[in-house]
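Okay, structure first, notes after.
The values are calculated or read from the model by the stated rules, or taken from the named source; none is laboratory data. Being a predicted model, the structure only gives us computed values, none of them experimental. Glycine also receives a Cβ, built like all others from the backbone with ideal geometry; neighbour counts cover every protein chain displayed. Ligands, DNA and RNA are excluded from the accessible area calculation, which covers all protein heavy atoms including side chains. Shrake-Rupley method; radii C 1.70, N 1.55, O 1.52, S 1.80 Å.
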Amino acid sequence: MIRFDNVGMRYGDGPEVLHDVTFELESGGFAFLTGPSGAGKSTLLKLVYLAERPTRGLVHLLGHDIATTPRRRLPELRRRIGVVFQDFRLVDHLSAFDNVALPLRVAGAPETRIREEVTELLHWVGLGDHMDARPPALSGGQQQRIAIARAVIARPKLIVADEPTGNVDDKMAFRLMRLFEELNRHGTTVLVATHNDALVARFGHRRLRLEAGELMPERSARQSA
Amino acid sequence: MRRPAELLLDREGFLAWMIGLMVFLAALAIAAALAADGAAARWARSLAGTATVQVPADAANKLDALAAALRGVPGVRQARPIGLEETRALLEPWLGTELRDLPLPRLVDLELAPGADLAAIQKRAAEAVPGAVLDDHRGWADRLAGVATAIQAAAIVVVLLVAAAAALLIVFATRAGLEAQRSVVELLHLVGARDGWIARQVERQALLLALKGGTGGLFLAAAVIAATLWLSSGDRLRLLPQFEIAPAAWLSLVALPAAAGLVAMLTARIAVLRALRRLP
Ligand SMILES: Nc1ncnc2c1ncn2[C@@H]1O[C@H](COP(=O)(O)OP(=O)(O)O)[C@@H](O)[C@H]1O
Ligand SMILES: [Mg+2]
């Protein structure tokens, strides 16, 4: 599903922020990406959700070598990856419904299907009564649920989340992880960046640890807890 | 209800207003240029067919005979002696009423056919009244033709400058609108939108906005132009020179909102595609 081979990454002419990162996350896997602030977690995820290209090394995603995939093929790959951004990135002038519908509209899905599936998903995340509300009028927790609904609406093969529990209380964070586990049980590959060690310890999943741009040798989450 | 666009180029309505204002200014500039052009041409034409013969004050009693003699010269369509009262009235603004008894040189107004023989007219006038002098306004006409050409050139330059300023402002405003939506553009890209899809979104919006604002600006300009035409026509107000615009020229005004739409559309498309090309 995801394979990195000696991946190095720098922004522009800046210093290298990822060095020789090598790992593989198999299809249907679930992994946490941990490490202190500035370690390069967000950068690694950006490579995974195709917001950046690596400066060196190989990135394989969904069976494609990104270096040799033409740019015009990338939108199709992106549609199979659901992203929960750290700051949610909701569109303020669009209703909750239209925010969640975005990936489907972009992919050219028919409106009847969009209406049906978005309505169902918003009810499922408990926002059935807020479909017409704009994000600024909603609470942080509600905004987060919109962001998650948008990430999963197009039934992605891979879900990537960048500090999805950063802005919510422990109870909400726990519920969110349960949701990811639920999706994972149905075959979705999940990669979650977090520096919430308590959360990582609580869910016994594989753990990738970044420090200053380098991936540490792996141990199981239970051993490290 | 139509759902709102994913990308909002003009959240505050600023762009539509600005395009409206630009179309308004461009329309006025074009209308003024067309009117100036027409007026200059008309002055030059009206002076070309006229001349006056001036006689010394002491020959005033021969004015009618002079007019009759001049009517016999080929090319003279009409010769009209100007009476003493009319002459006084003409000069009153300069001389005032106190100098009513001042001896005044007298005039015969001529209307000439094109190609009239000016030398023959001068000769006949001098025979009828020694000291009579023909003034064919040539100096005036030449100078007016020069002025008309200068006005036409200035009008074209003004229209081009206003059009260029309008286009530039539309370009900047469209780019600013797009820049404000940069995060949305990036988001659409990241959820798998193709560049063409995003470009079509902003393009369509820019076009609609420009047509909306531009039509508003055009209507406002049309109202101002119509009011000016009304004020300058007939005897209503002598303040303004005769002012009219050929019907065909009106069409160039109608094309303005479409031109503004095209500029906004192309700008939006080029700017968004350029921004997207920087993303992987
Ligand atoms: N867009 C960017 N341009 C330049 N440097 C960046 C950018 N994003 C992150 N960095 C740098 O890359 C390093 C890793 O950052 P990041 O991936 O955000 O780490 P983390 O998510 O683990 O906190 C940091 O030194 C940060 O300053
Ligand atoms: Mg980060």
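A few comments on the model shown:
- Proximal charge balance of B:R269 [Cβ under 13 Å; K/R count +1, D/E count -1]: +3
- Positions from the stretch A:38-87 whose accessible area shrinks by 30 Å² or more when the full protein complex is built, not the chain alone, probe 1.4 Å: A:A51, A:R71, A:P75, A:R78, A:R79, A:F85
- Per-residue ellipticity at 222 nm, computed for chain A from helices alone with -39500 (n - 2.57) per DSSP H run of at least four residues, works out to -10000 deg cm²/dmol.
- The count of lysine pairs in the protein assembly as shown that are at least 8 places apart or cross chains, and whose C-alpha atoms lie under 24 Å apart, stands at 4.
- Mean Kyte hydropathy of 0.0 or more with a Cα span along the axis of at least 27 Å, helices from DSSP in chain B: B:14-48, B:138-180, B:195-232, B:247-277
- Surface/4 of the Cα convex hull for the stretch A:89-155, nm²: 4.0
- Averaging 1/r over every pair of different alpha carbons in chain A and inverting the result gives a Kirkwood radius of 18.1 Å.
- Potential extension, B:A223-B:S252 segment - 0.36 nm per residue separation minus Cα distance: 8.8 nm
- Of the beta bridges in the protein assembly as shown, as assigned by DSSP with both residues counted there, near 65 percent are antiparallel.
- Carbon/sulfur fraction of accessible area - chain B, other protein chains in place, 1.4 Å, %: 66
- Peptide-level mean, for B:188-200, of C-beta atoms on other protein chains within 10 Å: 6
- Summed side-chain charge close to A:D92 - residues other than A:D92 whose Cβ falls under 10 Å, Lys, Arg +1, Asp, Glu -1: +2
- Here the accessible area is traced with a 1.4 Å probe on the protein chains. For chain A, carbon and sulfur cover 47 percent of it.
- Nearest-0.05 FRET efficiency for A:R72 and A:N184, computed from C-beta distance (R0 35 Å): 0.70
- Stretch in chain B that is longest and holds no trypsin sites (Lys or Arg not before Pro) that DSSP places in a loop and that have at most 16 other beta carbons within 10 Å: B:101-235
- Solution diffusion estimate, µm²/s, Stokes-Einstein, chain B, Kirkwood Rh from C-alpha pairs, 10 °C, viscosity 1.306 mPa s: 67
- Straightening the chain between A:D65 and A:D5 buys 20.5 nm, computed as 0.36 nm per residue apart minus the Cα-Cα spacing.
- For B:L266 and B:A150, the difference between the fully extended length at 0.36 nm per residue and the C-alpha to C-alpha distance is 38.3 nm.
- The protein assembly as shown: mean projected area of Cα convex hull, nm²: 36.9
- Helical runs (DSSP H, four residues minimum) scored at -39500 (n - 2.57) apiece and divided by the length of chain B put the mean residue ellipticity at 222 nm at -23500 deg cm²/dmol.
- Given a 1.4 Å probe and the protein chains as shown, B:H189 ends up with an accessible area of around 10 Å².
- Shielding of peptide B:180-186 by partners, expressed as the average count of other chain Cβ atoms within 10 Å per residue Cβ, is 2.
- Remark: accessible area buried at the B-A interface is about 2200 Å², both chains counted, probe radius 1.4 Å.
- Diffusion coefficient of the stretch B:57-130 by Stokes-Einstein, Kirkwood radius over Cα pairs, 10 °C, 1.306 mPa s: 119 µm²/s.
- Looking at the stretch B:57-130, the accessible area is 62 square angstrom per residue; that uses a 1.4 Å probe and ignores ligands, DNA and RNA.
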